[in-house]
Amino acid sequence: MTGVVEQRSIDVVPDAERHGNAFSQFTLWLGANLQITAVVTGALAVVFGGDAFWSIIGLLLGNLLGGAVMALHSAQGPRLGLPQMISSRAQFGVRGAVVPLALVVVMYVGFFASGSVLAGQAVGELTHLGDTTGIVIFALVTAATTLVGYRLIHTLGRVASIVCALAFVYLGIRLLQRADLTALLADRSFHLPLFLLAVSLSASWQLAFGPYVADYSRYLPRTTSPRATFWWTLGGSALGSQWSMTFGALAAAAAGSAFVDNQVGYIVGLGGAGLAASFLYFVVALGKLTVNVLNTYGGFMSVVTGISGFRGQRALSTRGRAAYIAGIMIAGTAVALLGKDSFLSSFKDFLLFLLTAFTPWSAINLVDYYLIAKERYDLPALSDPHGRYGAWRIKALIVYGIGLLAQLPFLATSFYTGPLVAPLGGTDISWIVGLVVPASLYWLAARRDTAHVPDRMIVSAETGTRTGSPSPTL
């Protein structure tokens, strides 16, 4: 078992164990985004009132903007050799990082649940056992794959990128055989609130990867170009998500209620019956398996990161790894079973709510890494509450809180609408506020308070090993 299951978790990956190249980020994120939930996300822009033409453009803008932020996090992986959320300790403190971590874990559980609902429908059709049994089977397969770890996850991404790309080409052809593309794109009346909804949906999709994207680049050699990591990550994620979301927007525009009532059934129905339908159900499950494994993998490491900040834990046994993964799986499956009958409306609000939690975190993390610390962290101190980063970094936590609160007046969901939404014509710009406000405040608060920043990257406490000068910035 030891030879199969990944041994690293929240500890630094030694240089001797590094492998691969930046192109692996392209295949992983392409495969993770060519999937049914991304299709549904694109469809939401049309379902909630937008026309296909401007929805697709808005989705593209959001994918590029949010994807750039997400890819900047990915570029941290080879340099630090750590899971993404561990680096939050440099900003929030070894124990203070538990604040954004708690919200991150909610995200993982929520995405696990939403993915399980759609994949469960596909598995239920394939096995003829129904949605509920399909959700449970899918959850068990996800947990088993996650337990094996990093190498299997990347292998799964490579397989999914090829299989799902072929399936989406086929589905696109079938959709255009049923619908007139010119007619679908003929309505080009521009409505700013609906356009910005499309931008927000895709931006939130990309930004939600930020808290774990470096988990999947941390095994790359430390000499890997940050530019290459950035561009391959952005390319795979933006291409995969825009491809899926464009298909979803066109499908929703063409099918209307037929798509809304049964997303998986409609998409599979495009491909025909018999073996074609079975293959497409398999593709739906494969695409969701790829991204749900990412959610579960990142989820268990985020939980470990939060707990270890108080326990001083730096490594995790295989048994402990399995226990954390099982916890994420059970929680996500329970949410999936409870919410499967109201999936579409709930998922839209879930995405927009997540955006308010993670844009301030992304802003603070990126400003600290690229502008304040300039890629120089003391890695052993990230596990020591008495070290240079301390247990709690109050200034960063205050800025994070302000970043959360600053978004509320501009937020529009079914359960809460801020007072400044109506004066802006119903436009939700909370995610823009959530990036700009905390980024500016953190830079102002931290630019002169650099006593915690080492002169070079410190890798090993035992030997005092340091790396050379920071690698070129993006």
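Yes or no, residue by residue, for (1) modelled with pLDDT under 90; (2) open to solvent by 10 Å² or more (accessible area, probe 1.4 Å); (3) of a type outside the set (Ser, Thr, Tyr); (4) in contact with a Lys or Arg (Cβ under 9 Å, 6 or more places away or on another chain):
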| position | (1), (2), (3), (4) |
| --- | --- |
| Val39 | no, no, yes, no |
| Leu44 | yes, no, yes, yes |
| Val47 | yes, yes, yes, yes |
| Gly62 | no, no, yes, no |
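Just a yes or no: is a residue in the stretch 355-362 at pLDDT 85 or above and open to solvent by 20 Å² or more (accessible area, probe 1.4 Å)?
Checked the stretch 355-362: no residue is at pLDDT 85 or above and open to solvent by 20 Å² or more (accessible area, probe 1.4 Å).
Which one of Val99, Val104 is surrounded by fewer than 24 Cβ atoms within 10 Å (Cβ to Cβ) and either in contact with a Cys (Cβ under 8 Å, 6 or more places away or on another chain) or farther than 30 Å from Arg188 by Cα (or both)?
Residue meeting the stated conditions: Val99.
What number of residues within the stretch 382-394 are under 15 Å from Asp449 (Cβ atoms) and either buried (at least 18 other Cβ atoms within 10 Å of the Cβ) or of a type in the set (Phe, Trp, Tyr) (or both)? Steps first, please.
Within the stretch 382-394, the first condition is being under 15 Å from Asp449 (Cβ atoms), and the residues that meet it are 388-390, 392-394.
Filter again for either buried (at least 18 other Cβ atoms within 10 Å of the Cβ) or of a type in the set (Phe, Trp, Tyr) (or both), leaving 389-390, 392-393.
So the answer is 4.
Check off (1) touching a Phe, Trp or Tyr at 6+ places or on another chain (Cβ under 9 Å); (2) open to solvent by 60 Å² or more (accessible area, probe 1.4 Å); (3) at pLDDT 80 or above for Pro454 and give me the number that stays unchecked.
(2)
Quick check on my filter: what residues within the stretch 395-414 are assigned to a loop (DSSP other than H, G, I, E, B) and either open to solvent by less than 40 Å² (accessible area, probe 1.4 Å) or closer than 19 Å to Arg79 by Cα (or both)?
If the condition is that a residue be assigned to a loop (DSSP other than H, G, I, E, B) and either open to solvent by less than 40 Å² (accessible area, probe 1.4 Å) or closer than 19 Å to Arg79 by Cα (or both), then Leu411, Thr413 are the ones that fit.
Quick one: Leu171 ticks every box in (1) open to solvent by 20 Å² or more (accessible area, probe 1.4 Å); (2) farther than 23 Å from His73 by Cα; (3) touching a Leu at 6+ places or on another chain (Cβ under 7 Å); (4) at pLDDT 90 or above bar one, so which box is it?
In the conditions (1) open to solvent by 20 Å² or more (accessible area, probe 1.4 Å); (2) farther than 23 Å from His73 by Cα; (3) touching a Leu at 6+ places or on another chain (Cβ under 7 Å); (4) at pLDDT 90 or above, Leu171 misses (1) alone.
Quick test for you: out of Leu220, Leu239, pick the one residue that is among the aliphatic types (A, V, I, L, M) and more than 17 Å from Gly42 (Cβ to Cβ).
None of the others qualify; the one that does is Leu220.
Picking from Val163, Val159, Val136, Val169, which residue would you name as being in a helix (DSSP H, G or I) and either without any contact (Cβ under 8 Å) to a residue 60 or more places away in the chain or closer than 18 Å to Tyr266 by Cα (or both)?
The match here is Val169.
Which of (1) in contact with a helix residue (DSSP H, G or I) (Cβ under 8 Å, 6 or more places away or on another chain); (2) more than 30 Å from Tyr324 (Cβ to Cβ); (3) not in a loop (DSSP other than H, G, I, E, B) is the odd one out, the single condition Gly124 does not satisfy?
Against the list (1) in contact with a helix residue (DSSP H, G or I) (Cβ under 8 Å, 6 or more places away or on another chain); (2) more than 30 Å from Tyr324 (Cβ to Cβ); (3) not in a loop (DSSP other than H, G, I, E, B), Gly124 comes up short only on (2).
The values are calculated or read from the model by the stated rules, or taken from the named source; none is laboratory data. Note that this is a predicted model, so its numbers are computed, not measured. Virtual Cβ from ideal backbone geometry, glycine too; neighbours counted across all protein chains shown. Surface accessibility is based on the protein's heavy atoms, side chains included, excluding ligands, DNA and RNA. Shrake-Rupley method; radii C 1.70, N 1.55, O 1.52, S 1.80 Å.
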